[in-house]
Each structure stands twice: as C-alpha cells, then as structure tokens.
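Below is one structure; the comments refer to it alone.
The values are calculated or read from the model by the stated rules, or taken from the named source; none is laboratory data. Fair warning: this is a prediction, and the values are worked out from it, not measured in the lab. Reconstructed Cβ throughout: ideal geometry from the backbone, glycine too, with neighbour counts over all protein chains shown. The protein model used for the area step is the full one, side chains on, heavy atoms only, and it has no ligands, DNA or RNA in it. Shrake-Rupley method; radii C 1.70, N 1.55, O 1.52, S 1.80 Å.
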Number of protein chains: 2
Amino acid sequence: MTTTTSSPRTPEDDAVVRERSGRPISPDIAAVGPAAVPVTVPTSAVSPDAAAEDATDVVDTRAVGDLLDGRWREQRRASRDLALHPDFQRLPDQTVAEHRERVLWQLRELVSRSEVLRGFPREVGGGGDPGGNLAGFEELFLSDPSLQIKGGVQWGLFGSAVQHLGVPEQHATWLPGIMSLEVPGCFAMTEVGHGSDVSSIATTATYDPTTEEFVLHTPFPAARKEYIGNAALHGTAAVVFAQLVTEGRNQGVHALYVPIRQRGEDGELTFLPGVGGRDDGPKGGLNGVDNGQLWFDHVRVPRENLLRRYGEVAPDGTYSSPITSKGRRFFTMLGTLVQGRVSLGGAAVGVSKAALAIAVRYGDERRQFTGADEHREVTLLDYQRHQRRLLPLVARTYAAAFAQQGLLERFHEVFSGEHDDDESRQDLETLAAALKPTTTWLAMETLQESREACGGAGFMAENRLVTWRQDFDIYTTFEGDNNVLLQLVGKRLLTDYGKAMAKIDIAGAARFVAARAGDMALHRTPLRRAAQSVLDSGSKARSAGHLRDPEVQRELLEDRVETMVAGIASVLRDVKDAPAEQAAAVFNEHQDELIGAARAHAELLQWEAFTAALDAVPEGATRQVLTWLRDLYGLERIERNLAWYLVNGRLTAQRGRVVTGYINRLLARLRPHAVELVDAFGYTHEHLRAPIASGAERERQEEAAAQLRRRRALPERVAAT
Amino acid sequence: MTTTTSSPRTPEDDAVVRERSGRPISPDIAAVGPAAVPVTVPTSAVSPDAAAEDATDVVDTRAVGDLLDGRWREQRRASRDLALHPDFQRLPDQTVAEHRERVLWQLRELVSRSEVLRGFPREVGGGGDPGGNLAGFEELFLSDPSLQIKGGVQWGLFGSAVQHLGVPEQHATWLPGIMSLEVPGCFAMTEVGHGSDVSSIATTATYDPTTEEFVLHTPFPAARKEYIGNAALHGTAAVVFAQLVTEGRNQGVHALYVPIRQRGEDGELTFLPGVGGRDDGPKGGLNGVDNGQLWFDHVRVPRENLLRRYGEVAPDGTYSSPITSKGRRFFTMLGTLVQGRVSLGGAAVGVSKAALAIAVRYGDERRQFTGADEHREVTLLDYQRHQRRLLPLVARTYAAAFAQQGLLERFHEVFSGEHDDDESRQDLETLAAALKPTTTWLAMETLQESREACGGAGFMAENRLVTWRQDFDIYTTFEGDNNVLLQLVGKRLLTDYGKAMAKIDIAGAARFVAARAGDMALHRTPLRRAAQSVLDSGSKARSAGHLRDPEVQRELLEDRVETMVAGIASVLRDVKDAPAEQAAAVFNEHQDELIGAARAHAELLQWEAFTAALDAVPEGATRQVLTWLRDLYGLERIERNLAWYLVNGRLTAQRGRVVTGYINRLLARLRPHAVELVDAFGYTHEHLRAPIASGAERERQEEAAAQLRRRRALPERVAAT
C-alpha cells in the first residue's frame, strides 16, 4: 500500500500527470467493457488477494492527488498539516466549557501560526487571495470542525460581512481587530422565527435624525437572533441584520456593526446596556463554538455603523443606494456572503475523503468469516456488499471534489475581481446552492456508512468518524437549509428554461441551439441544455450506445434534468393566470419533484466535472481506473433513478436490467485499486490519527493467522491446548 | 390537538377499539380512491389551516395507542413514565466518568423502583414474564439509552446467559447477585478479531483434570474481548465465551462464569490475578456505559463455573452434551440470546415514534415563507416536500411497531414455554434477524430526517434528537451487524425455497400450494409463499387491480421477495457441483442482491403486520386514516423498488407512473391527521421534554403574527418605527 504524503513545502503547481513508467498493468485492468448479461465470474473474485497485490502502485496517487487538491493545493496542504500538531487536535471528553475555551485559544494560535487571513484585502494586511483562503479553511475540519466553524464565524461571516458590506473606511476601522481576534464577533442574521428566510427577519434598525443614531430593537421573542456563534460567551461585537427604517419607510434588510459586550475592570465580559442574550447550551456537535441568542432593547448605535456599501442614510435620514430595486439590493447583499456555502461544501468533500480513507483502508485489512479457503478469512472489501457500500461513495466523493474545485475557482474569479459581473455572481450563487446540499448530504451518508462498515471500531471516538459526523450534521441545514437551497436552484432552472423557451420563440430553434452550445463550452450556465431535448427527440441514449460511453451517460443525466424541469414548467404555465391560491397549490404539488430536479442537476454538474478532470490524465492505467470510477458514478446515479428512465421510455427494460450487472463488474475491477484511490486523497495516518486505519489491524490479523497456522501444524491433542 | 396520556395505573387490557361517536368526518376524508392521473388540486392544499382544524379528533388516538402498545401496554407505559422522574433523566454535558457513575446509580434505583426483573424465573424472585419484561426494557431509551444498554448488559446479556445457558443450581448461585446488582457483570463474547462471527473467537478454556479447573486464556491480542459493557470499570464478574477444550479436543464455543475483579480494603475494585483490561474511552454515544477490553492469562476457574445446560465436562475431563451436533449445539446456545436482538428492535421503534412526535408536532406549528397569503406564513407540514420527508416515516414506524409486537409475542411464547419447539425457535431467530436491521436503520433515518426537518432547533441537545441519534447509531451493528443478520435471513430464505422446491417434486404442485396456504395462516414461516409464483404465473398485480387494493400491494411485495430468492437459488444451483472457489465467487456476486431480498422480506412482514392490525379497528374514520397510512407504507416501498417492478415486467410503465402521484395524494390526505397519528404513540410533552415540541413554537408564532397584524393596521409612517 502506498501513501501519498502531502508536501506543503514543495508545491508542484505545474505537475504533469503521468503514468509511472515500466509497471505492468494487471490482467484484470486490461479487460474493459461491460458484459451483455449481468452475471459472470470475474477471476478477481476468486483470488482477490492476488489481484490486490498485483494492483498496488497502478494508480499514480501523487498525480491524482494534485488533480484533486486543485489550484490552491499548496494552501490546502499547509492547512491539512496543522492537524499534525497536537495544539490543533481535539481533546477527547472535554466539557462544553472546556472545549469552547480551547477552540478560542486555538483560533488565536491560528492567527500567528498560519495564514488564515489570506482572504482579506491587502490594504488591511490580508492576502487578497479568496480562493486560497477557502482552500485552507476547508481543511480545518481535520483538526476539529469546531475550530473550522469558529474561524468561519469570525473571519468568514463576521469579518466577511464588514469586508463585503462595508466601505474602505469601515474596513480600516474594524477589520484589523477582527483579523487579529482582538474583537471576537458575531454574525447576527438568523432569528428564532426565521432561518433560511432572511428577508422576513423582524429586528428593526430605526434611524433617529435627532441624534444621528440607529435604534436597534427586537420587537418580540421570535425576532431574537438565534444560534449565533460567539454570542454565548466570546463576542464583543456583532454584525446585526435588521430591517432598516428611516423616514418612516422600511428599506429592507441591512447590516450594522454593533458592539455588544464590554470588558469590566475585573476582566469579565458583560453585555452592554440594552443587549440581552442566552447560551444555547450543548448541541449535537460543534460544541467548541459558543452559540447563543442575542436580543436588543432600543440599543443605539451611531449612523456610521451602518455597513453602507449597498445602502446609506444621510444625517437627515435620507436613504440612498447604488441599487434602486429593493429586491435586487437584498440579493446583492446576501450574495456577497456566498463564501460560507462554498467553503462548507468544500469541508464536506474533505471529510468524505477522510472518512473513506479510514473505512477503505480498514476494509482492505480486516478479515471476517472464511470463504472458499477455510483457513484464511476474507477481507471485508472482497465482499460484494462491502464494495457496494463504499466504492460508489468513493466515486461520488471524486465527482464532488472535482465539481467543488470548479466552484472554488468560480468563487475566486468573482471575489478576486478576475471575472466579476452580475451574471457570474448569479451563476456562482446558483452553483453554490446546488453543490452545498449535495456535498453536505454526501458527507453525512459517507460518515455513517463508513462508521457502520467499521463496526464497533467505527463507534469509538478515537477513530474520528462519529465525532466528525456529530459536527457535520448541522452543515446540512445551516448557511441555508439544503432543501431551501435546492428549491432556489429549481426555481432558477425554471427561470432559465422560461427564458430559453422565449428565445426560441423569438430567434428560432436552430439559432437557439447554436447559442446554447456556446454557453455549454463556457460551463457557466446552470441549465446545460435547456429545452434542447424538446427539439431533439432522437435520443442517442434511447436508440443505441453502451452505458459505458460517456456521451450516453451524459445524455441520460442531462435528459432527466431537462425533462423534469420542462414538465414542471408546463404545469405551472397552465396555472399562470389562475388565482394565487391555486397557483401556489399547484407549485406545492410539484415541490418534491422540483427539488429532485435540482439535485439531478447538481449530480450532472459533478459528473461533468469528473469527466472534464479525466482529460488532464494521460492515457494509461491511472486514467483507466479513474474512468471506471467515473462510470461507476454515472451509472450508480442512473441506477438510483432507473425507474424514471424506464417510466419515461429513456431506457428499455432490457437495457435497464444491465445497469446493475455492469456496476457490479465495475466494483470488482475497482476493488484492487480502492486503497490507492483513497491514498490519493492525501490524508496520511498521521493526519487521520485513527488507530483502525493505521495498519494495526493488518498486523493483528497476521499475528493471529500465524498463531493459528502454527497450531494447525501440531498434532491434534497438543494443538488444542 | 389531542394527546394520549399514558395510564399505567388504569390498564385497559380489553379496551375495545371504537370510533368516537357523533363527530363529523371532514369532507376530505370522504373522498377516497386514487385519481387516474397523478396531478390534481386537492382542496386541502389550498387552505390547509381550515382542513387541519376540521381534522382534529378524527383519529381515536387512545384506541390506536392501545393497538400500538400491544399486549404488554401496561408494563410499557409504566417504564415510559420512569422518564417523567428527574432521577432517570439524562443530565446535559456530563463527562464520560460522570455519566457512567450516574447510570450505575440509576441502574441500582431501577432495581428498587421499577420492575426490571420481571424477565427472570419466579424461582429466584423474578416475574417469569419475558414479554412484559422486554416491553418495559424497550422504553428505557426515553430516560437515557445508556441506562437501557447498561441494564441490557447486566440483566439481558450477563444475567440472561446465566439463566439460559446455566442449570437451576447455577441460577440459584449467581442470579440473585446479578439481579440485585450486587454483582455488576460482563457479557464477554465479542473479540477484537471477531464480532458477528462468534464461532471464530479464539479465547480458550482448557480443562485441567488434575485440579478440576478450566484454564481461560487469550492466545494473542486479536482474541481480547472488546467493547464489553461493564468491563472498563464496574464489572466484578463476567460470562466469558471461549473455545472449550478438554481431552485435547475443541468442543466449540461455551460460556463460563468468571470473577474478574475484587474489592480491596480501600473499597477500590481491582482486577483479579491474570485478568487484564483496557478502557475503550469515549464513544460516539452511550457514554454512560463503560465499555472496555478484557483478556486472560491462564486464569483458572472451577469446573462448576462452566454454564452447563448444553455441555458439561465431568471431573475426569469427559465432555457430554444433550446436543450431539457441534453446529446445532452452537446455534442452540446462541439462540437463547435472541432477546437482545428482539429488544433492540423494539427500542428502535420506540425512538422512531418519539422522534416523529417531536418533528411532526414542530412541523405542524412552525411557519416559514409566505404562500398565496402574503400576511401568513405556511406551516412546514403543509409543504409537500416536508410531508414527503416525514409522513412515509410515520407509516414505516407504524408498520415496524406492529411487526415488532408480533415478534415480541413470538418471543414470549417461546421463552415462557407457551409455544416452545425447535421450529418456533428458528422462526423466532429468523424473524428477529430480519426485523432488527430494518428497525434500527429506520430509527437512524427517522432521527436524522427529524433532526434536519427541525433545522437548527433539531441540533440543540435539549430537543433530544441528536443525542438519541448518537446513542442509537451502534444499534445497527451490535448484537449482530445488520448486514450479517440480513445475510443470515437471506440464507434461510434460500434454504426454505430449496425445501419447498423439493416438496413440490415429491408431493406435486397442487398439494404443496395448499400446504403453504396453511402455513401462511399461522404466520410462522418466514418465506411466505415460497415458490408459489413459480407455479402461478397469472399475476393479479400484473393483469389488473388498483394499487390501493391491499391484495395488489401484497402480491407486489411478495412477488419481489420470491422472485429474487428464486433467481439467486437458480444461479447457485448451477454451481453447486463446481469447485469451492467458484461457488464462493458466484455467491459473492449475488450477496448484495440476497441482502436486498432479505430486506424486502422484512418489509413484507411489516406490511402484513400493519394490514393485520387494521382488522382490529372498527369501520370508520380511524380505520380510514390508518388504511391510507398502510397504503402509503406499501406504495412507498413499491416506489422505492419501482425499477425492479418495471424491469421484471410486474408493472407497466403506465402503471408505474401512477405510483408517485398516488403517494402524493395520500400525503395530502394524511397531512391533517399527522399530529393525531403521532399523538397515538403515547409520548406526551412531559415524556419527550423537547422544548420545540411543547407548543412554545405555536405561541411564538401567534405572538409574532399578532404584532405584525397590529403594525399593518397602523398608518405607514407610524408602523415602521
């Protein structure tokens, strides 16, 4: 078994992916192509041990690791290596209070010992490197997700809000204290009554021209700020989101910089007058973050504390904004905060990799039950069921990782100014809204399956899987509830579809299709081939082609998204002139389907990212193995939605029957390379610190086997004692 | 909203299920039957509030609660009510050490304050009531799953092993101390190297006739006992499973009663000479149980300490057993320990009910985003997606509860002696092996979906969902790994199928089918209609019938199990004379499918149990609602495997397309009754202690809505301030 060691000090930004020369390809690898019937007897299943030994070193794990770690691999690996130092490792069995203090201390250490500030503007001492910043941030889960999230609260939310919603003078005033942690702060957006529906928050900031102050107020308990990181203990300031009211008019949600606590002469922090709060207490995970409630009783802050990049109030109370539409202003302001969604998705990909590195290595060593050889137990990963549980998750994690790299690059382009315009921002937001649910759910599924695949050992805290799962649980609903985000994506798909149809009406079908083909090349438009299927009824997938043909996979995946969207659009068009209640009811009746379409869209994007990544791998064994893995991803998605393809006539029953058989063949082919595929993730035993994935299991197995062999070699009466 | 209060002091064993008379049935209920096309506009979606109010009190929650709680409802409810007392409630944020001590203390309190000993024989002061005992045990999760599992270790495993594997003299010697907790003890079966594969454990107990002692020994580290409850701290004795060796022959796995710790003069417990151990430390959950390793270095125990019901060693070393076959002896001994699997499944059903009681009540009160009415937000449970997430889980929990009741009754019949023979025991074991995976996975899915459906509030420890999930995680792999258990069930299905086919050959088809029909009525045979489909090719499901017809649902569910089993049997028959390696490889290629067949079998049993339970409900509104719920269960299972039905020609594409539409209609019909359906589970706010399910959310919503209404009534300029 080879292990990719991360090498933060010797980056190879231009590393050429190449095959290790001179190594023979195992016979099993050479046999490509699905069988016509699902059940055959691949030789690898007969003697898996031999196959596994042959297969070692077939995959160029270093080159694949470079691909997976992407453009900011140097920053990513440096952050990963923080987890090697005991200072940044989580201690077992701490109380909530102890854990919170330790994480605060770690956060301060991060400021001096790493480059966590590289996302801030150069003008205030940051690195001006948004992409590299997030790449590093994403890996912090390896130390402790609480550290990641507390850092995210401080710099990614509190700091980012000042950075993106404030003007340069405000940056100069507040960012240095935020960056240095002199001012731990809160991002006070969510309220008891409203989480993902930000526009409905009820806290008010009413301008009083007589004193040139805003009066911040919580009108009723449901308007209290809730689940706010740093609110329970450590925060001394907050960016508070509130309905801005001036001259008797509500100008919508705006953000204000609000001091909330002061340090007394005894060194204790206490709330400033008018500010109230409550500790949320123990949570399902992330207990190193001090979440709590905050509320305000007519708290006055100076006019200058309104973060005024997108909306300003003059001394006399006159409101002005560079964006006249209230709705567009709201979405522009919120859009600047997309980095939370981007980076949580990245962290979710990271933890999926780490979990699989543990479970696959253990499954490759652990033996249970004898098979054909009564003297030698079978390794878990040689069981088909075990392959079925873990290998598709490896494939999905690869696909998610490549798509996430694309998202991070898009994020960097926008926020570094390399490619920043309205359309890019909207596409970035939609892409983040599509991928964050997919990756955070993938992480939950992967962590749980990995835990169960490791049995009782997986349940021990020392093996990391259970605590990561506890911490990552909330990633599925914070920074935008996954279902709400997918519904947003679904609505965007409907809008794009509507626009596309309108264009067809105006410009004619042929020109429209040509235009869309151009869009596709740019990889910027969420709805990849909107409406094309309406024009092109001669489906390649239906008429011919093998399922291993990437064009067939692509078409099947695309077709499903488009057909679902077109179907819902058509139903909604029928009620567009109906009374509001009826239209809402019809929309609701298709809500589940719309969310399903959005998920299918995200999976298509992941498939495409995986496929695009294959182009960077030279022809050879590594590319072959990765191609099987991509096929596994595509076919497993198709299998999961097979009923849809059959019901809608996209696949015949006969072809549908072949899918599972082909997947099983891919599993058997990939099994010998499973460890290499997770080695490429770049997490060493030292990074993971999971005893079960440290090679100890193999040693124990060898030792036990040797004992039993010796015993069998003895005469019966002696052997028994 | 009505709430069933549990009434341990006024049991109504003969309660007659009857409709509440005189209440009108809401118009929506009267409209029964699926539409021919999936998409229509039910009026309930337009004005859900009105429908919800009309619907209150339609379901007779008390009668349904009696049905759900079954034969031992009195014991069940008494145990449930233990959770009302603060002494038995879990404290937040305890360290592992504190939690362990508290649970030990609680366990001692249970002895004096409840009837946890009712499973033991009357001769030693128990209650001789195995069914009632497990019913009570299953509800302990409501206090703290650690209490449940520590009690399970002490009485259900350690005590049960003495009870079932020992003889009456041994009961008299050891059971009193076990029952009173004077002797906290361990059930030392699992080893580092072997969990679910018990026959491969490597600890040896070698008889030495010179001293009439057994020498207990751990030959290598992989043979250490692992994850043993009470081993880390509290256990002073253990039932240790070891390969029994006498006269130079290994007689297979047997159990011995072994003292492991002594209390010194300072009151501290220390290991006895030759016994070693290790604390497993923090786990993903159940941290009130002190799991650890145990090992033995030539530890000598008297000959009398062999639990000798199924195997005895005479002073001279001669081995004897009432069961001559070594294999049968092993399975008989293990079979006596089935109660762990039975009761864990029951606990999993309980926690699913509790989680849904929380999530459904919250979803019925919580409002997010406005719909057609811009002044009133929509309750979560009025969103189709939210219904889709929770209501099928309600249906599955009902099905699981009814099946679990049947399993518990079977268990009681066997262990009370009411109906105890070899076949009953085998059926009981197979049924337990089928249901334990299904219910424990259901619990995981339900807890997670409920947590996410409650958003951030679901992540707060005070709302219970996350801590239950942490604790129940291990239920999926302990007491038999779920996948291993399902494979056992799959093999049993294959065996039964083989026997059935053999009978056909001998007795002729017609008589065979008649015999099977008799079996079905007894509800004792796992494979319900084995092989009948081979004879009966004219499928009702295929040719006609509505999906809401229970016979159609039954046939579809049965057909799938049988066809899958028959298919695998046929492939295996083809290689039965092939070399062992090839046969093993072919079996492995169908392992995933076989496990799938076993799961399908378990789901069929649950569907049947639900359907049988409906017979106990008089005609009327309650029965109507429960029938929709059963249909939802059946159709959701069919939808999940729709591809199989399509590929195998059991449903046409046209009929397949209707399934989802019909499910959506059922969801809309069930939504107004969702709260009643979870009220019937019998968990009050006081039992659950989850603030979000206490009605506080509704109050907060009303208060906020009133404020906003008042504000809208004011002139614009005033309203804004």
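Brief remarks follow.
- Residues of region B:411-425 classified as without any contact (Cβ under 8 Å) to a residue 60 or more places away in the chain, assigned to a helix (DSSP H, G or I) and either under 30 Å from B:Leu677 (Cβ atoms) or open to solvent by 10 Å² or more (accessible area, probe 1.4 Å) (or both), total: 2
- Per the conditions (1) modelled with pLDDT of 95 or more; (2) surrounded by 22 or more Cβ atoms within 10 Å (Cβ to Cβ), the sole criterion not satisfied by A:Gln624 is (2).
- On inspection, A:Glu265 fails the criterion of being over 31 Å from the mean Cα position of the chain (by Cα) and part of a helix (DSSP H, G or I).
- The requirement of being farther than 30 Å from A:Arg451 by Cβ, of a type outside the set (Ser, Thr, Tyr) and in contact (Cβ under 8 Å) with a residue 40 or more places away in the chain is not satisfied by A:Arg711.
- In summary, helices (runs of 4 or more DSSP H) completely within region A:646-691 and bearing 2 or more residues that are of a type in the set (A, V, I, L, M) occur at A:653-670, A:674-679.
- Residues that are more than 9 Å from chain A (Cβ to nearest Cβ) and open to solvent by 30 Å² or more (accessible area, probe 1.4 Å), drawn from region B:588-604: B:Arg599
Residues are listed down the side, and each one gets a yes or a no for (1) at pLDDT 95 or above; (2) more than 13 Å from chain A (Cβ to nearest Cβ); (3) open to solvent by less than 20 Å² (accessible area, probe 1.4 Å); (4) touching a strand residue (DSSP E or B) at 6+ places or on another chain (Cβ under 6 Å):
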position	(1), (2), (3), (4)
B:Asp197	no, no, yes, yes
B:Thr236	yes, yes, no, yes
B:Leu244	yes, no, yes, yes
B:Glu247	yes, no, no, no
B:Gln251	yes, no, no, yes
B:Ile260	yes, yes, yes, yes
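- Residue list for region A:490-507, restricted to those being of a type outside the set (S, T, N, Q) and either farther than 16 Å from A:Leu572 by Cβ or out of contact with any helix residue (DSSP H, G or I) (no Cβ under 6 Å at 6 or more places or on another chain) (or both): A:Lys491, A:Asp496, A:Gly498, A:Lys499, A:Ala500, A:Met501, A:Ala502, A:Lys503, A:Ile504, A:Asp505, A:Ile506, A:Ala507
- Which listed residue is crowded, with 17+ Cβ neighbours inside 10 Å and of a type in the set (A, V, I, L, M, F, W, C), from A:Ala706, A:Ala668, A:Ala713: A:Ala668
- Some residue of region A:562-572 being surrounded by fewer than 19 Cβ atoms within 10 Å (Cβ to Cβ), within 14 Å of another protein chain (Cβ to nearest Cβ), of a type in the set (A, V, I, L, M) and without any contact (Cβ under 8 Å) to a residue 60 or more places away in the chain: yes
- Candidates B:Trp441, B:Trp468 - the one that is surrounded by fewer than 20 Cβ atoms within 10 Å (Cβ to Cβ) and out of contact with any Asp or Glu (no Cβ under 8 Å at 6 or more places or on another chain): B:Trp441
Table: residues versus (1) out of contact with any Gly (no Cβ under 6 Å at 6 or more places or on another chain); (2) of a type in the set (Val, Ile, Thr).
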{"position": "A:Val617", "(1), (2)": "yes, yes"}
{"position": "A:Trp628", "(1), (2)": "yes, no"}
{"position": "A:Leu632", "(1), (2)": "yes, no"}
{"position": "A:Glu636", "(1), (2)": "yes, no"}
{"position": "A:Leu646", "(1), (2)": "no, no"}
{"position": "A:Leu651", "(1), (2)": "yes, no"}
{"position": "A:Thr660", "(1), (2)": "yes, yes"}
{"position": "A:Val678", "(1), (2)": "yes, yes"}
{"position": "A:Ala693", "(1), (2)": "yes, no"}
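- Qualifying residue in region A:465-481 (condition: modelled with pLDDT under 95 and among the small types (Gly, Ala, Ser)): yes
- Taking the criterion of being open to solvent by 10 Å² or more (accessible area, probe 1.4 Å) and out of contact with any helix residue (DSSP H, G or I) (no Cβ under 6 Å at 6 or more places or on another chain), the only residue of region B:135-151 that qualifies is B:Ile149.
- Looking across region A:54-91, the residues that are free of Cβ contacts under 8 Å to residues at least 12 places away in the same chain and either part of a loop (DSSP other than H, G, I, E, B) or aliphatic (A, V, I, L, M) (or both) come down to A:His85, A:Leu91.
- Criterion: on the phi > 0 side of the Ramachandran plot, of a type outside the set (S, T, N, Q) and out of contact with any Cys (no Cβ under 6 Å at 6 or more places or on another chain) - qualifying residue of B:Gly620, B:Gly596: B:Gly620
- Every residue from region B:209-234 that is of a type in the set (A, V, I, L, M), assigned to a loop (DSSP other than H, G, I, E, B) and either at pLDDT below 95 or crowded, with 24+ Cβ neighbours inside 10 Å (or both): B:Ala231
- The residue that is nearest to the other protein chains (Cβ to nearest Cβ), counting only those in region A:413-459 that are in contact with a Pro (Cβ under 7 Å, 6 or more places away or on another chain) and either of a type in the set (S, T, N, Q) or closer than 17 Å to A:Leu391 by Cα (or both), is A:Thr430.
- Of the residues screened, A:Gly634 is one that is at pLDDT 95 or above and not aliphatic (A, V, I, L, M).
- When restricted to residues that are surrounded by 14 or more Cβ atoms within 10 Å (Cβ to Cβ) and more than 30 Å from the chain's Cα centre (by Cα), region A:279-299 contains 3.
- For region A:363-372, taking the residues that are within 13 Å of chain B (Cβ to nearest Cβ) and in a helix (DSSP H, G or I), the one that is surrounded by the fewest Cβ atoms within 10 Å (Cβ to Cβ) is identified as A:Glu365.
Per-residue answers, yes or no, for (1) open to solvent by less than 20 Å² (accessible area, probe 1.4 Å); (2) within 23 Å of B:Tyr383 (Cβ to Cβ); (3) more than 10 Å from chain A (Cβ to nearest Cβ):
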position: B:Trp628; (1), (2), (3): yes, yes, yes
position: B:Leu635; (1), (2), (3): yes, yes, yes
position: B:Trp644; (1), (2), (3): no, no, no
position: B:Asn648; (1), (2), (3): no, no, no
position: B:Leu651; (1), (2), (3): yes, no, no
position: B:Gln654; (1), (2), (3): no, no, no
position: B:Arg657; (1), (2), (3): no, no, no
position: B:Thr660; (1), (2), (3): no, yes, no
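Listed here are the residues, each with its yes/no results for (1) of a type in the set (Gly, Ala, Ser); (2) over 30 Å from A:Leu67 (Cβ atoms); (3) open to solvent by less than 10 Å² (accessible area, probe 1.4 Å); (4) assigned to a helix (DSSP H, G or I).
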position	(1), (2), (3), (4)
A:Leu334	no, yes, no, yes
A:Gly346	yes, no, yes, yes
A:Val351	no, no, yes, yes
A:Ala355	yes, no, yes, yes
A:Leu391	no, no, yes, yes
A:Ala395	yes, no, yes, yes
A:Ala399	yes, no, yes, yes
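- A residue that is under 30 Å from B:Gly363 (Cα atoms) and at the interface with chain A (Cβ under 9 Å from one of its Cβ atoms) occurs somewhere in region B:475-496.
- Listed here are the helices (runs of 4 or more DSSP H) enclosed by region B:92-186 that have at least 2 residues being farther than 19 Å from B:Gly229 by Cα and polar (S, T, N, Q): B:168-180.
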